[in-house]
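Participant: Quick one: the structure is below, and I'll ask about it shortly.
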Amino acid sequence: MEIALVGFRRESLEHLQHTGSFKARGAFNTLIRGPVPEAGVVAASGGNHGAAVAFAAARLGIPAQIFVPELAGASKIALIERTGASLTVVPGQYADALEAALAYEARTGAMQVHAYDAPATVAGQGTLAREWEAQGLAAGTVLIAVGGGGLIGGSLAWWQGARKVVAVEPETSCSLHAALAAGRVVDVEVSGVAANALGSRRCGDICFGLAQELRVPSVLVTDAAIVEAQRLLWREARLLVEPAGATALAALLSGAYVPGPGEKVAVLLCGANPVIEPFSD
């Protein structure tokens, strides 16, 4: 399939959001709802959520403790450090960072800001779909990359079936796909180029419930397809996105999702914090 990258609309470029991803929406929505304890907030993250919580907390004058795994990568770790939040890098994956964050919450009384499975987080991410709709979304189908499911959960909650939402995940990090196949939330192994953003061992209950109820189609893409989508975005449009941000587009490029005749499809670019430097070609 040949795809021409023309006519980008600002509302589909969520990688240009504060801290380089949609995550600022859920972070701010959670913190402004309050009240926040004196101990502040704590969050576990593959990187983007942590940066968003740290950014929102700094803007609101709230102490923040962020836990990320080593695989978050240097660029996301540096991004969090620049906010002034306290940061702890732990061995392992996102699940290990979450375990550390839960222990910190129990020890200090800080408020946990969950990355994807809390109502305030999901509602915040859903403001993206609300804005896209208000700004004239013409496509009947929207492709959204899935990690834990906060973004797609918020989008599904807003649209309630008014748009066809397609879940796109890497073959090596596919917690929602596995849950839909099993009929329940299950644990999966995670790896691959997008694991530091989409590498949740299990999807959120909120996301799963909505996806199951609304019969969301789920497709998988290879790491090679994700990297090719990154390269295409950089080469043709000078849009620098991380692997997770290119995952939805990879579904179109690879044929994992094939639109029907006359079907209008929108792709959301959701993250701009790659571990590697911009492509040279």
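Participant: Select, from ALA167, ALA162, ALA179, the only residue that is farther than 19 Å from PRO119 by Cα, without any contact (Cβ under 8 Å) to a residue 40 or more places away in the chain and touching a helix residue (DSSP H, G or I) at 6+ places or on another chain (Cβ under 6 Å).
Facilitator: After ruling out the rest, the residue left standing is ALA179.
Participant: Next up: Just to be sure, is LEU137 assigned to a loop (DSSP other than H, G, I, E, B) and within 13 Å of LEU268 (Cβ to Cβ)?
Facilitator: Here the answer is yes, as LEU137 does meet what is asked.
Participant: Taking the criterion of being outside any loop (DSSP other than H, G, I, E, B), out of contact with any Pro (no Cβ under 8 Å at 6 or more places or on another chain) and outside the structural domain of LEU71 (by TED's automatic domain parsing), would at least one residue in segment 253-262 satisfy it?
Facilitator: Yes - at least one qualifying residue is present in segment 253-262.
Participant: Quick check on segment 222-242. Is at least one of its residues in the same structural domain as ALA179 (by TED's automatic domain parsing), touching a helix residue (DSSP H, G or I) at 6+ places or on another chain (Cβ under 9 Å), closer than 26 Å to ALA95 by Cβ and basic (Lys, Arg)?
Facilitator: The answer is no, given that none of the residues of segment 222-242 is in the same structural domain as ALA179 (by TED's automatic domain parsing), touching a helix residue (DSSP H, G or I) at 6+ places or on another chain (Cβ under 9 Å), closer than 26 Å to ALA95 by Cβ and basic (Lys, Arg).
Participant: What number of residues within segment 226-249 satisfy the criterion of being touching a strand residue (DSSP E or B) at 6+ places or on another chain (Cβ under 9 Å) and outside any loop (DSSP other than H, G, I, E, B)?
Facilitator: Final tally of qualifying residues: 10.
Participant: Let me ask something additional. Hey, among the residues in segment 159-204 that are touching a strand residue (DSSP E or B) at 6+ places or on another chain (Cβ under 7 Å) and in a helix (DSSP H, G or I), which one's farthest from VAL258 (Cα to Cα)?
Facilitator: Filtering segment 159-204 for residues that are touching a strand residue (DSSP E or B) at 6+ places or on another chain (Cβ under 7 Å) and in a helix (DSSP H, G or I), the one farthest from VAL258 (Cα to Cα) comes out as ALA197.
Participant: When only residues in segment 103-115 that are of a type outside the set (Gly, Ala, Ser) and more than 11 Å from ALA43 (Cβ to Cβ) count, which is surrounded by the most Cβ atoms within 10 Å (Cβ to Cβ)?
Facilitator: THR108
Participant: Can you find even one residue in segment 63-81 that is of a type in the set (D, E, K, R), touching a residue at least 24 places away in the same chain (Cβ under 8 Å) and either farther than 28 Å from GLY209 by Cβ or touching a Cys at 6+ places or on another chain (Cβ under 7 Å) (or both)?
Facilitator: yes
Participant: Can you give me the number of residues within segment 87-104 that are more than 14 Å from PRO69 (Cα to Cα) and at pLDDT below 95?
Facilitator: Number of matching residues: 0.
Participant: Out of the residues in segment 160-184 that are more than 15 Å from ASP205 (Cα to Cα), within 18 Å of the chain's Cα centre (by Cα) and not small (Gly, Ala, Ser), which is surrounded by the fewest Cβ atoms within 10 Å (Cβ to Cβ)?
Facilitator: Only one residue fits best here, namely GLU171.
Participant: Between a first residue in segment 105-124 that is farther than 14 Å from PHE28 by Cβ and at pLDDT 95 or above and a second residue that is surrounded by fewer than 19 Cβ atoms within 10 Å (Cβ to Cβ) and among the polar types (S, T, N, Q), which pairs have beta carbons less than 6 Å apart while being 6 or more apart in sequence or on different chains?
Facilitator: These pairs meet every condition: GLU105/GLN112.
The values are calculated or read from the model by the stated rules, or taken from the named source; none is laboratory data. All of these numbers come straight from a predicted model, not from anything done at the bench. With ideal geometry, Cβ positions are generated from the backbone for all residues, glycine too; neighbour counts draw on all protein chains shown.
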